[in-house]
Amino acid sequence: MVALQGLLAGLSLIVVIGAQNAFVLRQGLRREHVGAVVAVCTGADVLLIAAGTAGLGALVGGHPGTLTVARYAGAALLVVLGAAALRRALRPGRLAPSAGTPAPVRTVLATTLGLTFLNPHVYLDTVLLLGAMAAQHGPLRWWFAAGAATASGLWFTGLGFGAARLRPVLDRPGAWRVLDVAVGVVMLAFAARLALVTPDLTTA
């Protein structure tokens, strides 16, 4: 029961429209280094959930300056990625998922790590919030953490590898243009949110 609560709590925080999910979806549609991207996203969540469950949430909350640096660096990264997505939408010859030269795996992994660890809300959700929820279960807190970590693995695996099922629908220039515009807008919106809205650590 505790693990199920962790699973549901993890899904409620992970299954939202965000820059990281948009990037995983796009990589899945392109079938480009999907396994590596899914592994990084899942591994990062497992690490952060474990850290929060172990009690590091208070440490993160006590150093808001660290989150401030991540907030502005993350905003800058999202502006670059969002602008790139919008630029792709204006270049019809590179719109289909199969078009273009695949990016090097190191570039894709660097982008995945940036989208993950430069987003302060990741720390608020996984380390602080899930950590606090896990602590409420006392000796069973690691079962809660296991459930939350499972939610992360299920979501990113389904999103990354399941995206291929949408490829027949999106393997057209017009549809891919819409997707890239949507990805670009989401990333720019999150960039603005990171730059302009200070996370409230007191509610985590």
Inset, instruction - Test residue 25 against the criterion of being part of a helix (DSSP H, G or I), more than 19 Å from residue 113 (Cβ to Cβ) and either at pLDDT 80 or above or more than 17 Å from the chain's Cα centre (by Cα) (or both), and give yes or no. - result: no
Inset, instruction - Return the residue satisfying two criteria in turn: it lies in the range 136-165 and is of a type in the set (A, V, I, L, M, F, W, C) and over 30 Å from residue 176 (Cβ atoms), and of such residues it is surrounded by the fewest Cβ atoms within 10 Å (Cβ to Cβ). - result: 140
Inset, instruction - Could you check residue 74 against (1) within 30 Å of residue 29 (Cβ to Cβ); (2) modelled with pLDDT of 75 or more and say which number it fails? - result: (2)
Legend entry - Residue among 186, 127 that alone is crowded, with 18+ Cβ neighbours inside 10 Å, touching a helix residue (DSSP H, G or I) at 6+ places or on another chain (Cβ under 7 Å) and within 16 Å of residue 75 (Cα to Cα): 186
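The values are calculated or read from the model by the stated rules, or taken from the named source; none is laboratory data. Since we're looking at a predicted model, the values are computed, not measured. Positions of Cβ are backbone-derived with ideal geometry, glycine not excepted, and every protein chain shown enters the neighbour counts.
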